[in-house]
Amino acid sequence: MAEAKAAQPATMFEKIWRRHVVVDRPDGYTLLYIDRHLIHDGSYNAFQRLAANGMKLRRPDRAYATPDHYMPTNTRDKSTIADPNHKRMVVGLTEHAAATGVTIFDIGDRRQGIVHVVGPEQGITLPGITLVCGDSHTSTHGALGCLAFGIGSSEVTHVLATQTLWQRKPKAMRVNIEGQLGFGITGKDVILAIIAHIGAAGGTGHVLEYAGSGIRQLSIEGRLTLCNMSIEGGGRAGMIAPDDKTYEFIAGRPYAPKGEAWDRALAFWRSLPSDDGASFDREVTLVGPEIAPMVTWGTSPEDAAPVTEAVPDPAAAPDAARRDGQARALAYMGLEPGTPIAEIPVDRVFIGSCTNSRIEDLRMAAAVAKGRKAQIPSWIVPGSGIIKEQAEAEGLDKIFTEAGFEWREAGCSMCVGMNGEIGRPGERIASTSNRNFVGRQGKGVRTHLVSPAMAAAAAVTGHFTDVRRMLPA
Amino acid sequence: MTQSSKEQPPPFERLTGTAVAIDQPNVDTDQIIPARFLALPRAEQVAHLFNDVRYREDGTPREGFPLNAPTAAGAQILIAERNFGCGSSREHAVSVLVDNGFRVFIAPSFGDIFHNNSFQNGALPIRLPAERIREMIDHLARRPDARITVDLEAQTVTGPDNWTQSFEIDSFRKQCLIEGTDDISLTLSYADAIAAHEQRAAAETDWL
Ligand code: SF4
């Protein structure tokens, strides 16, 4: 590829974008090459459309599939899926993968799991690549320094058929977290604080790059959590510059380069981070040490507040639209203005989802659960079969079951409840997932988004609790 | 290029019709069609547009929800507040609106994926300034049968008070909508460029 001689300082996004341009049209549209494509069991229609038009999958070697949305998490037996429409989705993925030659990590394979957990875990997600999936939380993968974004079902068909996508180049926004995060603060708290700050549409049309010492400090798991929720801040994608933690995380994974190829890849990856002086269309900065454990109180991810604060009073909202919105959210959530968040009782806990189901998440939750007793029904749903195995090898499952938590199989589960795992109307759930929308976890269910440690603290106390007081130092 | 890879609605030009206003920001795709209906065949999804906010527990319509107003029948234009269609990538959120007769969505801003998905289904998402949206919503509250005209060729919306406001649209998307072009056939005309890119990339990043 022809690189400009005295190159302008470029953002990481710009560098990755440029390498993947197939065609630049004068009208501003770009045909972008897609390096890796992840597929889940909701992609049934996309395959059907491909077949119905007699089209072939251009690069089956670039696509990886795993069922996650529709499979129940109390069994690994597909034949027990009661709803015929759900079964068609799960079985359909197996059949479509077989018919097209796509690699599949199917139910029963230890590598199966939530598609956004499986990609990084298998080394499919690598720095510098373009990666798409027919799911909005594809932004997760950018934590390893790639350009990853969610697409709709028609676009999935387009990628299957052409390995490309038509895109208008998004703008670039940098979100800086300056200063070290405090004790017990996780990637989840950071991203909820960011969304509360920029708003649910704050990143619309932008790719968000997270930077600063508070970000570097995060583990890869924490970074994946953070990038996962870029979409909740309106972002097209989220990304974090790769560093030694990234390379250490990737090394040795099945689909990652090995031997001499690793050395070549590493040299390339080191050239990816945004250059000094690269300009962003927008920039915001949050103060790391000020971030506290966060809890959402409303029905948009931007409705988030520190656990030390109280439910806001709509009367104090800056304008009428926001006042009405907050009042509507509080009515749905069954909350009174001014109630301290730490006094809100919780009916159920869900620890899982592509946001927070990785080994570090489970370790944090177990550290809180250890030697205590869950006061309410509480589920742990690991993100993949491999994570489940690892947690069991570390004895985390014992800690959870002894504390009265339910230990389940890998999948999306109660994050979206497409597999039928939902809450009851009116039920209040402390959830480590990413969306607190009206009805997201079942009709009438009230969802509060929190970190795994905060969810475990709610499980053992029956209400929201500042987990910093419960974590072993 | 008429070869179509899916159920493509007819090409879009100009329409005049009634509108429904959902006066809320951040209307997410889970509200537009809740997750439990996504595995249903498309023909069965049509009845579940805004299901949980539109109907009571027993299936009877909630008064006051805009889509349940008698004047909502036959509306082709949907007007909403900022960040409409945020949330999941589910394309059903667009197709269920299209199957209910909507061809135009007007809001100050949209969820990015919903915006892209609209074009894929022959629907036109239009961003207008928040003040214009407010005017239209207020007007519709008084006169729910007011008519709005959308002219894609001229890139204008003419409101119930006869003001005309122009809107921006990518010429690429505009052309696709007007001609009913299918993206995949268009892309396949660039097959040589794709192959050339693959060759170059195979040499540069041979570990993929
Ligand atoms: S865990 Fe939730 S957000 Fe993630 S892919 Fe599954 S349903 Fe979507």
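Which percent, nearest 5, of DSSP beta bridges in the range A:297-469 are antiparallel?
That works out to approximately 15 percent antiparallel.
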Exercise for the section: Using R₀ = 51 Å, calculate the FRET efficiency as 1/(1 + (r/R₀)^6) where r is the Cβ-Cβ separation of B:I178 and A:D324; round to 0.05. Expected result: 0.85
Fill in the blank from the handout: A:L226 neighbourhood, Cβ < 13 Å, K/R = +1, D/E = -1, net charge -2
Exercise for the section: Quickly rank A:454-462, B:15-23, B:185-193 as a protection proxy: mean count of other C-beta atoms within 10 Å, highest first. Expected result: A:454-462, B:15-23, B:185-193
Completion exercise
Over chain B, the sum of -39500 (n - 2.57) across DSSP H runs of at least four, divided by residue number and rounded to 500 deg cm²/dmol, gives at 222 nm -9000 deg cm²/dmol
Practice task
Could you list the trypsin sites (Lys or Arg not before Pro) in the range B:1-102 that lie in coil according to DSSP, counting only those with at most 14 other Cβ atoms within 10 Å of their Cβ?
Solution key: B:R56, B:R62
Handout entry: Convex hull of Cα atoms in the range A:12-283, direction-averaged projection (nm²)
Key = 15.8
Exercise for the section: Jot down the radius of gyration and Dmax of the range A:297-469, Cα atoms only, both in angstrom. Expected result: 16.0, 54
Problem - Debye intensity ratio I(q)/I(0), log10, the range A:116-180, q values 0.12, 0.26 Å⁻¹ (C-alpha model) - result: -0.35, -1.23
Handout entry: Total charge dipole magnitude, the range A:12-283, about the Cα centre, Cβ charges on Lys, Arg, Asp, Glu only, Debye to nearest 20
Key = 580
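Classify the range A:127-255 as rounded, prolate or oblate from the Cα gyration tensor: take a ≥ b ≥ c as the square roots of its eigenvalues, call it rounded if a/c is under 1.5, otherwise prolate when a/b beats b/c and oblate if not.
It comes out oblate by the Cα gyration axes.
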Handout entry: Local net charge near B:I106, Cβ-Cβ under 9 Å (Lys/Arg +1, Asp/Glu -1)
Key = +2
Practice task
Taking H placed 1.01 Å from N in the peptide plane, check which residues at least 5 places from A:N176 or on another chain put their amide H under 5 Å from its amide H.
Solution key: A:A211, A:V284, A:T285, A:L286
Fill in the blank from the handout: The residues A:F183, A:F47, sorted from fewest to most surrounding Cβ atoms within 10 Å, come out as A:F183, A:F47
Completion exercise
Each label sits 7 Å from Cα toward the beta-carbon; between B:E63 and A:R264 the label points are separated, in nm, by 7.2
Practice task
May I ask for the distance between the Cα centers of the range A:290-342 and the range A:126-160, given as a whole number of Å?
Solution key: 32
Problem - Packing-based ranking, highest mean first, of A:351-359, A:65-73 given that Cβ atoms within 10 Å are counted - result: A:351-359, A:65-73
Problem - Backbone HN-Hα couplings from phi across the range A:436-452 [Karplus 6.51/-1.76/1.60, Hz, Gly and Pro as x] - result: 10, 4, 3, x, 4, 9, x, 4, x, 7, 9, 9, 10, 8, 8, 7, x
Fill in the blank from the handout: In whole Hz, the Karplus estimates of ³J(HN,Hα) for the range A:241-246 (6.51, -1.76, 1.60; θ = phi - 60°; x where Gly or Pro) are 4, x, 9, 4, 4, 4
Exercise for the section: Give me the distance in nm between label points sitting 7 Å out from Cα along the Cα-to-Cβ direction at A:R25 and A:D83, one decimal. Expected result: 3.8
Handout entry: Under 18 Å from the Cα of A:K171 - lysines, other chains or at least 8 residues apart
Key = A:K15
Problem - Order of A:W379, A:W17, B:W163 under a 10 Å beta carbon neighbour criterion, fewest first - result: B:W163, A:W17, A:W379
Problem - Residue mean of other protein chain beta carbons inside 10 Å, A:222-233 - result: 1
Completion exercise
Distance in nm between A:D281 and B:A202 label points, each 7 Å along Cα→Cβ, equals 3.5
Problem - 10 Å binning of all Cα-Cα separations within the range A:335-375, expressed as whole percents from 0 upward - result: 21, 40, 32, 7
Practice task
Divide by every residue of chain A the summed helix terms, -39500 (n - 2.57) for each DSSP H run of at least 4, and state the resulting mean residue ellipticity at 222 nm, rounded to the nearest 500 deg cm²/dmol.
Solution key: -9000 deg cm²/dmol
Exercise for the section: Kindly provide log₁₀ I(q)/I(0) values, in the same order as q = 0.06, 0.10 Å⁻¹, from the Debye equation applied to equal alpha-carbon scatterers of the protein assembly as shown. Expected result: -0.31, -0.92
Exercise for the section: Convert each backbone phi in the range A:412-418 into a coupling constant with the Karplus relation 6.51 cos²θ - 1.76 cosθ + 1.60 (shift: θ = phi - 60°), then list the ³J(HN,Hα) values in order as whole Hz, x for Gly and Pro. Expected result: 6, 6, 6, 4, 9, x, 5
Exercise for the section: Sort out for me the Cα centre separation of the range B:109-137 from the range A:401-473, rounded to whole Å. Expected result: 33
Practice task
Estimate the FRET efficiency between A:T75 and B:R42 by the formula 1/(1 + (r/R0)^6), using the beta-carbon distance for r and 41 Å for R0, to the nearest 0.05.
Solution key: 0.90
Fill in the blank from the handout: Residues meeting the amide H criterion for A:R58 (H placed from the backbone, H to H distance under 5 Å, 5 or more places apart or on another chain) are A:A161, A:T162, A:Q163
Completion exercise
Counting only residues 5 or more apart in sequence or on a different chain, those whose built amide H sits under 5 Å from that of A:S378 are A:V349, A:E406
Problem - Summed residue charge, Cβ within 10 Å of B:Q31's Cβ, Lys/Arg positive, Asp/Glu negative - result: -1
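Every number in this text was worked out from the coordinates using simple rules, so none of it is lab data. Every value quoted in this text rests on a predicted model; they were computed, and no experiment measured them. Counting neighbours? That spans all protein chains shown, and the Cβs are built from the backbone with ideal geometry, glycine included.
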